[in-house]
Structures are given as structure tokens and as C-alpha cells.
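See below for the structure under consideration.
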Ligand code: ADP
Ligand code: ASP
Ligand code: MG
């Protein structure tokens with residue numbers, strides 16, 4: 001007898017028939033002698049539909065109200081799932097985030113879970129009833145409805161699994177596991193049987209949306225074994241687990257891409273202490289997350305620019321942020337530019353970040369050089385680079401995304417061997 005959490009993503013609950021299908025799966029898991037807690041996402045496309053309705057009202061809708069709106073998607077599926085289980089003869093009860101409760105901070109649209117009261121879930125399953133929990137949503141100290149960011153049902157599932165001490169958290173999605181790269185854009189992508197939390201964390205943070213980043217953070221922190229698999233088959237998927245020595249030997253495990261960033265350039269800002277600190281603390285005050293940062297060497301600044309900006313030396317500061325945050329960036333950047341005497345502001349939305357990830361990079365030299373060579377052989381210009389111990393990311397023009405991913409994937413020998 002085990003305690004199993006099953007999370008069903010948008011595609012898996014995308015139609016009434018699919019809801020019936022996964023209801024039967026949850027019941028079968030229970031019939032096999034397990035206690036079952038189900039977490040649901042909204043039906044596929046529903047969250048986008050709701051967010052579009054808000055942006056039809058105004059370009060910058062209030063984030064508290066966005067959450068009140070977006071959370072309704074999961075309310076619908078939680079109730080439908082409970083009804084579907086009951087219709088098949090089982091016992092089920094649905095719960096919203098505030099009914100449990102899933103307590104979060106008040107960072108609307110990207111709230112973090114602070115605590116989960118699992119009492120009602122435990123009472124429910126003790127009576128042989130399947131607890132169905134609406135993912136993606138929580139409640140803050142003041143009782144406001146919050147949401148956990150796009151893909152947040154994964155985090156709801158793993159956090160609830162940690163809170164109730166589940167033996168495993170199964171993430172059911174539209175692919176049958178974590179692949180060496182997105183199987184929807186690379187035919188030679190291969191399913192990975194086991195991957196470490198650290199590598200999964202990098203892949204997720206670099207754009208592999210198969211798991212939300214925070215879900216992997218929580219799984220790693222509490223040691224929750226996560227099994228990513230398909231709701232359309234019984235085939236085993238990918239286990240995301242603690243680091244194992246056998247995982248170390250490969251230099252590159254996966255390739256990820258992210259088209260969701262925008263590049264912002266502050267041209268000709270004053271080159272003196274405190275300027276960069278000022279720019280990024282103002283962005284942080286607005287809860288805008290910044291990814292890559294590049295500051296050009298001041299000695300490169302052309303004379304015309306120096307004279308145009310005044311007696312002091314000038315430099316360019318470039319950063320990337322999420323496209324979702326662009327309206328907020330636009331709201332504050334003018335004021336920041338003025339404060340640091342910038343000569344201009346430029347935006348580029350036509351960018352993508354392609355990244356390679358692997359624990360083995362720690363011990364293999366020359367991985368970066370090989371990555372740059374593969375991209376240059378395809379004629380792809382690299383606009384910015386960032387690295388960590390186990391990843392390298394390059395910014396390229398959007399039109400090269402798929403080409404870059406496939407070239408890197410096959411160049412590092414990750415593809416299916418014929
Ligand atoms: P769900 O709605 O079930 O949460 P998502 O759309 O959020 O599903 O995540 C699944 C998708 O993640 C897949 O359809 C696939 O396109 C994408 N994906 C990106 N990178 C990977 C990868 N390395 N392995 C598997 N899927 C990936
Ligand atoms: N429905 C939410 C979204 O589309 C949460 C999720 O699916 O995990 O982002
Ligand atoms: Mg998802």
C-alpha cells in the first residue's frame with residue numbers, strides 16, 4: 001500500500017473523454033491498493049483563453065484580479081474529475097487551494113508556496129476517497145487567491161506529495177517522459193530513463209516546460225521521486241531522482257530552448273559605480289526577473305557617444321527578461337534610463353536562448369568550444385553567452401531556434417542511434 005500523487009496536465013484533461021480516461025486511471029491505481037491524491041491543471045488552452053480575456057480589458061490588468069480569473073480553470077477540472085470518478089463508481093472529493101489550504105506569499109501570478117495544510121487530504125484518503133486538488137492555485141495570508149506561475153500545477157503536485165509524504169509524484173503529460181530535447185521539434189530526441197534533479201532543474205529553467213522549475217526545486221529539497229509519463233499509455237516514463245554516480249559520465253544530457261525572453265538594451269549609460277546596481281534593484285523592486293546581463297567594456301565606447309552623453313565615460317547595459325514581464329519593463333525603464341542618463345533604449349523580441357545541460361560538463365573540457373563550433377558551422381550568430389557549472393546558453397535569432405537545437409542535439413550525439 002503506497003501513497004501516490006497523480007498530476008494530470010492540460011492535454012490529459014483537455015476533453016470530457018480524457019477526463020473520464022484519467023479518472024479511470026486514478027481508480028485503477030486505488031484498486032491496486034494505493035491511496036491516491038489527484039492534482040489537475042485547467043483544460044488545455046483554458047488558461048490562455050482566460051488571460052486573453054483579461055488583456056482584452058486593458059494592456060496591464062491588475063495581477064490580483066488575473067489570479068482570481070486564472071484560478072477558475074483548475075476549479076472546473078477539479079470538480080469535473082471528482083464527478084467523473086464518482087460516475088465510475090468511485091469516491092472522490094474536490095478541493096481548491098484555499099480549502100486545503102495551500103498558503104502562498106502574495107506575489108500574484110508567480111506566488112511561492114509557504115506551507116500546505118494536508119489535514120483534509122489525509123482525512124479524505126483515510127476514508128477511501130480520492131482527493132482531487134485544483135493545481136496552480138493557493139491563497140495568501142489575507143485570503144487572496146494566488147497562482148503559482150505558468151505550469152504551476154506541477155509545483156502544486158510535488159509540494160502536496162512532499163507534504164503528505166507520498167511514495168511518488170506521477171506527472172502525466174502529452175509526451176511519455178523527459179527527452180534529450182523537445183520531441184515536438186526534434187525527431188531524433190530520445191527518452192531519458194533517469195535524470196538527476198540538478199539536470200532537470202537546469203533543463204526546466206532553460207525552457208523545457210515539461211516540468212515547472214519550482215516543482216523540481218521542491219522535489220530536490222524534499223527528495224520526492226518524480227515520474228514523468230504519458231496519460232495515453234502505460235509505458236514507464238522518466239524518473240527524476242537524486243544524483244547517481246552512473247549519471248556523471250555523459251558530458252551533455254539535454255538541449256533546451258526558450259523563445260519567451262526579450263532583450264532590452266540601455267544605450268550609453270554612465271559608466272560609474274552604482275549605476276548597474278541602481279538599474280537592477282529598480283527592476284527587482286518591480287518583481288521583474290532578469291536572466292542574462294551583459295555590460296560592454298567602457299573602453300569600447302566610441303568617442304561620439306562619450307561626447308553625446310557628457311564628460312564621463314559611457315557604456316551599454318543589456319539584459320534579458322521574460323516577454324510576460326515586458327509591459328512592466330516598459331513601464332519603468334524610461335524612468336531608469338533617465339536616472340542613469342542613458343542615451344536610448346532598445347528592445348529585441350526576436351531572440352531565443354538555446355542551451356545544453358549536463359552534469360558531466362564539470363569534468364569534461366572543451367564543451368563550450370564544441371557548442372560554439374556547431375553553431376558557427378550552421379552559420380548561426382551568437383549574440384550573448386552565459387554559463388554555469390552544468391549548462392551553457394547562447395542567445396540567437398528566433399528563426400534559428402529549431403536549427404540550433406537539432407544541430408546541438410545531434411552534434412553532441414544525443415540522438416536515437418539508427
Ligand atoms: P502539461 O499540459 O501536461 O503540463 P506541458 O505542455 O506543460 O504539458 O509540457 C509538456 C511539453 O513539454 C511537451 O509537449 C513538449 O513539447 C515540451 N518539452 C520541452 N522540452 C521537453 C523535453 N526535454 N522532454 C519532454 N518534453 C519537452
Ligand atoms: N493551467 C496553468 C497553466 O496553463 C497551470 C498548469 O497547467 O500547470 O499554466
Ligand atoms: Mg505543464
**OP:** Enter the mean projected area of the convex hull around the alpha-carbon atoms of the chain, in nm², rounded to one decimal.
**Re:** 22.3 nm²
Subject >> Between 0 and 90°, nearest 10: helix 72-87 axis offset from the chain longest Cα axis >> reply: 20 degrees
Original post:
What is the fewest-to-most order of 55, 41 by other Cβ atoms lying within 10 Å of their Cβ?
Top reply: 55, 41
**OP:** Determine one quarter of the surface area of the Cα convex hull of the stretch 104-263, which equals its mean projected area, and express it in nm² to one decimal.
**Re:** 11.3 nm²
Original post:
Using the per-residue mean of other Cβ atoms lying within 10 Å as a proxy for protection, in what order, highest first, do the peptides 25-33, 75-83 fall?
Top reply: 75-83, 25-33
Original post:
Name the residues of the stretch 71-95 whose amide N is less than 12 Å from a point 7 angstrom out from the Cα of residue 24 along the C-beta direction?
Top reply: 88
Original post:
Picking from 178, 317, 22, which is most flexible by a Gaussian network model of the chain using Cα springs under 10 Å?
Top reply: 317
Original post:
Length gain on complete extension for the stretch residue 32 to residue 378, per 0.36 nm per residue less the alpha carbon to alpha carbon distance?
Top reply: 119.3 nm
Original post:
So how far apart, in nm, are the two label points at residue 193 and residue 410 if each is 7 Å from Cα heading toward Cβ?
Top reply: 2.6 nm
Subject >> Label point 7 Å beyond Cα of residue 144 along Cβ direction - residues of the stretch 37-71 with amide nitrogen under 15 Å >> reply: 61-71
Original post:
How far apart, in nm, are two points set 7 Å out from the Cα along the Cα-to-Cβ line at residue 53 and at residue 15?
Top reply: 2.3 nm
Original post:
How much FRET efficiency would the formula 1/(1 + (r/R0)^6) give for residue 244 and residue 386, where r is the Cβ-Cβ distance and R0 is 22 Å, rounded to 0.05?
Top reply: 0.20
Original post:
Roughly what % of DSSP beta bridges within the chain run antiparallel, to the nearest 5?
Top reply: 60 percent
Original post:
Calculated FRET efficiency, residue 294 and residue 65, Cβ-Cβ r, R0 30 Å, to nearest 0.05?
Top reply: 0.25
Original post:
Based on the Kirkwood radius over alpha-carbon pairs, what value in µm²/s does the Stokes-Einstein equation return for the translational diffusion coefficient of the stretch 196-235 at 37 °C and 0.692 mPa s?
Top reply: 307 µm²/s
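Taken together, the values in this text are just the output of simple stated rules run on the coordinates, not laboratory data. Predicted model, so just to flag it, every value in this text is computed and none were measured. In this analysis, Cβ positions are derived from the backbone assuming ideal geometry, glycine residues included, and neighbour counts consider all displayed protein chains.
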